[in-house]
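K.L.:
Sharing a structure with you now.
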Amino acid sequence: MQDFKEPSAALEETTEAGPASRPARVPLVYPCGEAPLAGTVKEIVPGVLWLRMPLPLSLSHINLWAVRDGEGWAIFDTGMHTPATVDAWQALVGEGAPLGDYGPSRVLVTHMHPDHVGMAGWLTRLHDCELWMTRQEYLNCRVLAADTDCQAPIEGVDFYRRAGWDEAALEHYQTRFGGFGMMISPLPQRYRRLRDGQVLRIGEHDWQVVVGAGHSPEHACFYCAELKLLISGDQVLPRISSNVSVFPTEPLADPMHDWLESLGKLRQQIPDDVLVLPAHDDPFNGLHARLNHLEGSHLRALDRLQALLGEGPKRAVDVFPALFARKIDSGVLSLATGESLANLNYLVERGRVVVNEDSDGVAWYVAASDFVEV
Ligand SMILES: [Zn+2]
């Protein structure tokens with residue numbers, strides 16, 4: 001039931017200029033130089049290639065990674081299903097092309113957002129190989145794709161009305177609903193399951209699956225200790241902070257808790273000396289500094305939000321100034337609302353904020369007067 005006309009790339013953009021996500025003060029190091037053009041590759045270390053695909057969004061690109069896997073290449077993430085991405089993939093595979101005649105040997109997808117999973121069905125069918133995903137990402141993707149051309153559900157309308165949307169915004173939501181399937185090639189009907197902690201032998205090296213959550217339900221990262229590489233998807237990005245949202249299917253979800261917990265887990269499980277290969281922007285060194293910065297900026301945003309709610313009751317749509325520096329227009333309203341609710345639910349869950357619904361079904365949040373920080 002998610003409103004995914006704006007895919008994840010745009011979600012990340014939502015908070016780019018926000019106070020919660022200024023670039024890290026500890027400078028990160030970007031050692032890989034210029035990004036490859038679409039349809040070309042750049043070698044990161046022997047047997048690991050950087051690919052980049054265009055996106056028809058304000059965020060212009062997604063990075064993909066190819067790891068030597070016997071005669072072929074294991075592909076990590078796939079690009080959005082657009083004519084430009086199809087062209088780029090066609091230039092990558094074939095005699096004399098960067099990925100050779102054999103091309104993809106398997107397709108691994110970090111999470112279900114269309115810029116990551118969009119070409120997975122197309123690639124696995126064309127190259128007769130398997131799709132590897134975590135179970136929640138695979139099944140959620142199938143559910144969202146099944147909403148294509150469906151009418152917006154009443155639960156979705158109620159959810160956004162409760163957040164404070166006006167009639168025009170609710171109307172807009174209903175006309176845009178069900179766009180997710182338009183951005184992806186249909187998934188194959190079976191897949192190989194990725195699990196947290198699992199070790200995959202890919203070519204000459206072992207890659208460990210490290211699952212995070214908050215941005216999406218069961219996001220896979222891939223860590224190779226021998227090569228000191230981390231394919232991070234959207235779980236860690238160097239310059240923008242990933243969107244963390246509540247959606248109408250689970251209105252009381254607490255994804256901010258999952259997100260903060262995942263930042264800690266990555267810091268604990270992955271050493272600082274890796275080269276991070278993120279889905280957006282450039283490969284970087286400085287993983288722990290980035291994780292620390294992200295955690296600190298989220299915690300500060302939560303404190304700002306609580307202080308704002310100390311001034312009197314507010315709706316989800318009233319708290320944007322505490323969380324985002326940019327103006328929230330209709331194009332990013334659902335993303336900003338989802339992220340505001342992630343922050344509000346986090347505070348409600350911990351007794352820092354209380355919520356009451358008025359007779360119109362709109363939720364009003366106010367700081368708990370008796371809350372004492374311990
Ligand atoms: Zn994403």
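K.L.:
What about GLU261, is it in a loop (DSSP other than H, G, I, E, B), surrounded by fewer than 18 Cβ atoms within 10 Å (Cβ to Cβ) and away from the ligand (no atom under 16 Å from the Cβ)?
P.N.:
no
K.L.:
Quick check on the range 101-112: of everything there that is of a type outside the set (Gly, Ala, Ser) and open to solvent by less than 10 Å² (accessible area, probe 1.4 Å), which residue is farthest from the ligand (Cβ to nearest atom)?
P.N.:
PRO104
K.L.:
Among the numbered conditions (1) open to solvent by less than 10 Å² (accessible area, probe 1.4 Å); (2) in contact with a Pro (Cβ under 9 Å, 6 or more places away or on another chain); (3) polar (S, T, N, Q), tell me where THR82 comes up short.
P.N.:
Condition (1) is where THR82 drops out.
K.L.:
Just need a number here: residues in the range 323-355 that are at pLDDT below 95 and aromatic (Phe, Trp, Tyr).
P.N.:
Going through the range 323-355 one residue at a time, the tally reaches 1.
K.L.:
Among the residues of the range 314-328, are any of a type outside the set (Phe, Trp, Tyr), within 16 Å of the ligand (Cβ to nearest atom) and either assigned to a helix (DSSP H, G or I) or touching a strand residue (DSSP E or B) at 6+ places or on another chain (Cβ under 7 Å) (or both)?
P.N.:
No, there is no match, as no residue in the range 314-328 is of a type outside the set (Phe, Trp, Tyr), within 16 Å of the ligand (Cβ to nearest atom) and either assigned to a helix (DSSP H, G or I) or touching a strand residue (DSSP E or B) at 6+ places or on another chain (Cβ under 7 Å) (or both).
K.L.:
Among the residues of the range 182-191, is there at least one that is over 29 Å from GLN151 (Cα atoms), more than 12 Å from the ligand (Cβ to nearest atom), surrounded by fewer than 22 Cβ atoms within 10 Å (Cβ to Cβ) and modelled with pLDDT of 95 or more?
P.N.:
Checking the range 182-191: not a single residue is over 29 Å from GLN151 (Cα atoms), more than 12 Å from the ligand (Cβ to nearest atom), surrounded by fewer than 22 Cβ atoms within 10 Å (Cβ to Cβ) and modelled with pLDDT of 95 or more.
K.L.:
Looking only at the range 132-149, count how many residues are under 12 Å from ILE184 (Cα atoms) and either assigned to a loop (DSSP other than H, G, I, E, B) or open to solvent by less than 30 Å² (accessible area, probe 1.4 Å) (or both).
P.N.:
3
K.L.:
How many of the residues making up the range 277-312 are open to solvent by 10 Å² or more (accessible area, probe 1.4 Å) and either modelled with pLDDT under 95 or within 23 Å of ALA342 (Cβ to Cβ) (or both)?
P.N.:
Residues flagged as open to solvent by 10 Å² or more (accessible area, probe 1.4 Å) and either modelled with pLDDT under 95 or within 23 Å of ALA342 (Cβ to Cβ) (or both) within the range 277-312 amount to 15.
K.L.:
Let me ask something else about it. Tell me which residues, restricted to the range 48-70, are touching a Phe, Trp or Tyr at 6+ places or on another chain (Cβ under 9 Å) and in a loop (DSSP other than H, G, I, E, B).
P.N.:
Within the range 48-70, GLY70 is the sole residue that qualifies.
K.L.:
Can you name every residue in the range 152-171 that is of a type in the set (A, V, I, L, M) and in a loop (DSSP other than H, G, I, E, B)?
P.N.:
Once the filter is applied, which keeps residues that are of a type in the set (A, V, I, L, M) and in a loop (DSSP other than H, G, I, E, B), the range 152-171 yields ALA152, ALA163.
K.L.:
Turning to a different aspect of this structure: Just wondering, is there one or more residues in the range 40-63 that are within 16 Å of the ligand (Cβ to nearest atom), small (Gly, Ala, Ser) and at pLDDT 95 or above?
P.N.:
Taking every residue of the range 40-63 in turn, none turns out to be within 16 Å of the ligand (Cβ to nearest atom), small (Gly, Ala, Ser) and at pLDDT 95 or above.
K.L.:
Does the range 195-202 contain at least one residue that is charged (D, E, K, R), under 21 Å from the mean Cα position of the chain (by Cα) and at pLDDT 95 or above?
P.N.:
yes
K.L.:
For residues in the range 241-254 being crowded, with 22+ Cβ neighbours inside 10 Å and either farther than 16 Å from LEU144 by Cβ or away from the ligand (no atom under 15 Å from the Cβ) (or both), which is farthest from the chain's Cα centre (by Cα)?
P.N.:
PRO248
K.L.:
Moving on. Sort out which residues of the range 196-240 are within 16 Å of the ligand (Cβ to nearest atom) and surrounded by fewer than 19 Cβ atoms within 10 Å (Cβ to Cβ), and write them in order of number.
P.N.:
ARG239
K.L.:
Of these, ASP128, ASP115, which one is outside any helix (DSSP H, G or I) and either surrounded by fewer than 23 Cβ atoms within 10 Å (Cβ to Cβ) or at pLDDT 95 or above (or both)?
P.N.:
Just a single option satisfies the conditions, and that option is ASP128.
K.L.:
Same structure, new question: Out of ASP87, ASP69, which single residue is acidic (Asp, Glu), open to solvent by 10 Å² or more (accessible area, probe 1.4 Å) and more than 17 Å from MET183 (Cβ to Cβ)?
P.N.:
Answer to the check: ASP69.
The values are calculated or read from the model by the stated rules, or taken from the named source; none is laboratory data. This structure is a prediction, so every number in the text was calculated from the model and none was measured. In this analysis, Cβ positions are derived from the backbone assuming ideal geometry, glycine residues included, and neighbour counts consider all displayed protein chains. Just the protein is used for accessible areas: all its heavy atoms, side chains included, with ligands, DNA and RNA removed. Shrake-Rupley method; radii C 1.70, N 1.55, O 1.52, S 1.80 Å.
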